[in-house]
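Below is one structure, written out as structure tokens; the observations come after it.
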Amino acid sequence: MSPTPESAAEFIQRSDFIWHQRFELAPDVWTPGTSPVAWLCDLAELPQDLSGLTALDVGTTNAGTAFELERRGAARVVAVDIYDADWFGVRALSEFLGSGVEYVQASVYELPTRFFERFDIVVLWGVLYHLRHPLLALDAIREITAGHVSLESAVCDAELPADQRARAIARFYRHDELGGDGSNWFAPTAVGLEDWCSSAGFEVERLAAWPAAGPTRAMLRLRPTEGLAEYEQISYERPLRCQMG
């Protein structure tokens, strides 16, 4: 049975965890976070019908996106974050919604050793710029993707002169220069983000970069290429898994 608006409002009122995402918990009752799950799903052009597919939501926070993937019929949904299941309330939310979403506490770098399968859909929204090793993260994501990756991230176009935005360059934030958040490390240009993904072995489709006058965010759809990743074909460097094996 779906939760009622009254029970959802009461749940939100008594919750004591961090709300990051805004999503509809019950008809016309929205969670108090700021990251708009429904809008991002539309921007990412996620199919309404995911029947029979498997999905992985990396950096899930409140698991709002994972719950939406489940609502759209995904056969299996796994939500991943570096915090335990209570930090963003995933355990309580799952119980309240009667959800079958699985929760795994792990970093993005660990994913190839935590999952010995490939997911049809991998969602990586609002994660890449929090990582000190973004290319390593993309390498890890490619290893566990069978279908496509939906990637949303910060980009630095708005910080650059207009004639520099077509270059594949990136900003490094030593302190909290990006959004006043000391956990933000890198933001490439939108072109640079596409090049990162291509180098890591993905076919890249840009769905959006906004605002148009000077993008600060971008949404990409990625599909793994056949065979070795591009960087493996031109560099002496090999995937970290080989170095560790």
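Of everything in segment 52-91 that is surrounded by fewer than 17 Cβ atoms within 10 Å (Cβ to Cβ) and in contact (Cβ under 8 Å) with a residue 60 or more places away in the chain, the residue that is farthest from residue 4 (Cα to Cα) is 87. The single condition among (1) surrounded by 21 or more Cβ atoms within 10 Å (Cβ to Cβ); (2) not in a loop (DSSP other than H, G, I, E, B) that residue 109 does not satisfy is (1). Can you tell me which residues in segment 1-55 are touching a Gly at 6+ places or on another chain (Cβ under 6 Å) and outside any loop (DSSP other than H, G, I, E, B)? Result: 21, 22, 37.
Of the residues contained in segment 173-193, one or more are found to be modelled with pLDDT of 95 or more, among the β-branched types (Val, Ile, Thr) and in a helix (DSSP H, G or I). Would it be correct to say that residue 104 is surrounded by 14 or more Cβ atoms within 10 Å (Cβ to Cβ), more than 23 Å from residue 186 (Cβ to Cβ), of a type in the set (Val, Ile, Thr) and out of contact with any His (no Cβ under 8 Å at 6 or more places or on another chain)? The answer is yes for residue 104.
The set of residues in segment 92-103 that are part of a helix (DSSP H, G or I), of a type in the set (Gly, Ala, Ser) and in contact (Cβ under 8 Å) with a residue 60 or more places away in the chain contains only 92. If the condition is being in a helix (DSSP H, G or I) and touching a residue at least 60 places away in the same chain (Cβ under 8 Å), then segment 195-230 contributes 196, 199.
Sort out which residues of segment 112-158 are among the β-branched types (Val, Ile, Thr), farther than 22 Å from residue 64 by Cα and surrounded by fewer than 23 Cβ atoms within 10 Å (Cβ to Cβ), and write them in order of number. It would help to see each step written out before you state the result.
So the first thing to find is which residues in segment 112-158 are among the β-branched types (Val, Ile, Thr), and the list is 113, 121-123, 127, 141, 144-145, 149, 155.
Next, only the ones that are farther than 22 Å from residue 64 by Cα stay: 113, 155.
If the condition is that a residue be among the β-branched types (Val, Ile, Thr), farther than 22 Å from residue 64 by Cα and surrounded by fewer than 23 Cβ atoms within 10 Å (Cβ to Cβ), then 113 is the only one that fits.
Of all residues in segment 112-145, those satisfying the criterion of being within 15 Å of the chain's Cα centre (by Cα) and either assigned to a strand (DSSP E or B) or charged (D, E, K, R) (or both) are 119, 120, 121, 122, 123, 124, 125, 139, 142, 145. Does residue 61 meet the test of being within 13 Å of the chain's Cα centre (by Cα) and part of a helix (DSSP H, G or I)? No, not satisfied.
Among residues of segment 171-194 that are in contact (Cβ under 8 Å) with a residue 12 or more places away in the chain and closer than 16 Å to residue 216 by Cβ, those with a Cβ under 6 angstrom from a residue that is assigned to a loop (DSSP other than H, G, I, E, B) and of a type in the set (S, T, N, Q), sequence gap 6+ or separate chain, pair up as 173/184; 178/184. For residue 163, the conditions (1) in a helix (DSSP H, G or I); (2) surrounded by 15 or more Cβ atoms within 10 Å (Cβ to Cβ) are fulfilled apart from (2). Only one of the numbered conditions (1) assigned to a loop (DSSP other than H, G, I, E, B); (2) of a type in the set (S, T, N, Q); (3) surrounded by fewer than 18 Cβ atoms within 10 Å (Cβ to Cβ) is not met by residue 233, and that is (1).
The values are calculated or read from the model by the stated rules, or taken from the named source; none is laboratory data. Owing to the predicted nature of the structure, the values given are computational and were not obtained by experimental measurement. Every residue, glycine among them, receives a Cβ derived from its backbone with ideal geometry; neighbour counts consider all protein chains shown.
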